[in-house]
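Encoded as structure tokens, the structure appears first; notes follow it.
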């Protein structure tokens, strides 16, 4: 494995970040008396922390790498979908999450399906969620393996498995409390990495911000699409409609979101938790779409990308070849933060579904409420699928 000496400073930054994350995870680990303590943090997590955790969980490596690729190749039109996010977030905080807190007696969102229909329906809902998270985690880990693999010269499979094992370890040790507080740190690192990337690409572009905006606008890179109503085209009405359905589904039916509504002590904390991502998510996504436009303008005036370059590799190539030593490490930490915050939430949520909806409900009913934490093993399945 060959490592460029000029990247040692970036390796040092990434190494320190991973060590800090691991130490924080194990510092937050504690003896959990029961399932509620492990999967809900004893329902005592502060609303602001859960809010930043929701934000961080929403921002996966798809945000960090795929969004710039989208605007580099096309324009801003998929951001229209994300305009629906605040609507879903505020609506959930005001009307839906309080009902979850009132009706649910276990950490699982799918308990409601059994209350309303049957255990078979509950099991089906839980199974569909687990499958969706396996697919999502596979995508997230694959994307994050691109820049990290370039940095270390390591195979993608090695990076995918290594990242999965690392996240599983601190998630396993600390439970929901560790996931939430580490996600707060991940949110800060993610935003710092994105800001550093856009600042450097603007400074390296001759003419700076003004030329990025003018050339991007001339090429319609900031376009949100047309107002025509067509189910066969990505127009503003159809993409926004999809966004409303998509984000309401995530806020209302996904275990990782519902867990967080149950993890705070009061209804006020629930509203705070839903308001923070509602305010910050769209500006964050817009930042990463802007990175893509900035890269498009930059590479119009600089060599480094040709027709053979994979679109998903364009931003990683910029990180490798254009960012100053140390700054590249910060941006890579942002990529890692985006991935880990998404993966750790999926691991914890999938584990809670398996433990509560399958093991405690069906396989070992009426047995001890102590946490069988070895069932965090589904993380291994997600890694193998990637």
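The values are calculated or read from the model by the stated rules, or taken from the named source; none is laboratory data. Quantities reported herein were computed from a predicted structural model and do not represent experimental measurements. Cβ atoms come from the backbone with ideal geometry, glycine included; neighbour counts cover every protein chain shown.
Per-residue answers, yes or no, for (1) under 21 Å from residue 35 (Cα atoms); (2) modelled with pLDDT of 95 or more; (3) crowded, with 20+ Cβ neighbours inside 10 Å; (4) under 23 Å from the mean Cα position of the chain (by Cα):
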position: 80; (1), (2), (3), (4): no, no, yes, yes
position: 93; (1), (2), (3), (4): no, no, yes, yes
position: 97; (1), (2), (3), (4): yes, no, yes, yes
position: 102; (1), (2), (3), (4): yes, no, no, no
position: 105; (1), (2), (3), (4): yes, no, no, no
position: 108; (1), (2), (3), (4): yes, no, yes, yes
position: 115; (1), (2), (3), (4): yes, no, no, no
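Looking only at the range 250-269, count every residue that is crowded, with 21+ Cβ neighbours inside 10 Å and assigned to a helix (DSSP H, G or I) and tell me the total. Steps first, please.
Restricting attention to the range 250-269, the residues satisfying the condition of being crowded, with 21+ Cβ neighbours inside 10 Å are 251, 255-264, 269.
Still in the running and assigned to a helix (DSSP H, G or I): 251, 255-262, 269.
Total meeting the criteria: 10.
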TODO: List every residue pair whose Cβ atoms lie under 7 Å apart, where the two residues are 6 or more positions apart in sequence or sit on different chains, the first residue falls within the range 68-96 and is on the phi > 0 side of the Ramachandran plot and touching a residue at least 40 places away in the same chain (Cβ under 8 Å), and the second residue, located anywhere, is outside any helix (DSSP H, G or I) and surrounded by fewer than 21 Cβ atoms within 10 Å (Cβ to Cβ).
DONE: none
- [ ] Any residue in the range 195-213 that's at positive phi and surrounded by 15 or more Cβ atoms within 10 Å (Cβ to Cβ): show its pairings with residues that are at pLDDT 90 or above and part of a helix (DSSP H, G or I) at Cβ separation under 7 Å, as long as the two are six or more apart or on different chains.
- [x] none
Task: Candidates 330, 319, 314, 359, filtered to the one that is in a helix (DSSP H, G or I) and either in contact with a strand residue (DSSP E or B) (Cβ under 6 Å, 6 or more places away or on another chain) or free of Cβ contacts under 8 Å to residues at least 60 places away in the same chain (or both) - done: 359
Open item on the list: Which numbered condition in (1) modelled with pLDDT under 90; (2) surrounded by 22 or more Cβ atoms within 10 Å (Cβ to Cβ); (3) over 25 Å from residue 293 (Cβ atoms) is the only one that residue 144 fails?
Closed with: (3)
- [ ] Please enumerate the residues belonging to the range 319-359 that are more than 22 Å from the chain's Cα centre (by Cα), crowded, with 20+ Cβ neighbours inside 10 Å and either closer than 25 Å to residue 175 by Cβ or at pLDDT 85 or above (or both).
- [x] 355, 356, 357
- [ ] Test residue 178 against the criterion of being in contact with a helix residue (DSSP H, G or I) (Cβ under 6 Å, 6 or more places away or on another chain), buried (at least 17 other Cβ atoms within 10 Å of the Cβ) and part of a helix (DSSP H, G or I), and give yes or no.
- [x] yes
TODO: Filter the range 188-247 down to residues that are under 14 Å from residue 292 (Cβ atoms) and not in a helix (DSSP H, G or I), then give me how many there are.
DONE: 6
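Residues 154, 126, 188: which one is surrounded by fewer than 23 Cβ atoms within 10 Å (Cβ to Cβ) and either over 14 Å from the mean Cα position of the chain (by Cα) or under 15 Å from residue 346 (Cβ atoms) (or both)?
On the way: 126 fails: surrounded by fewer than 23 Cβ atoms within 10 Å (Cβ to Cβ); 188 fails: either over 14 Å from the mean Cα position of the chain (by Cα) or under 15 Å from residue 346 (Cβ atoms) (or both).
Answer to the selection: 154.
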Task: Odd one out for residue 87, checked against (1) touching a helix residue (DSSP H, G or I) at 6+ places or on another chain (Cβ under 7 Å); (2) over 17 Å from residue 249 (Cα atoms); (3) part of a helix (DSSP H, G or I) - done: (2)
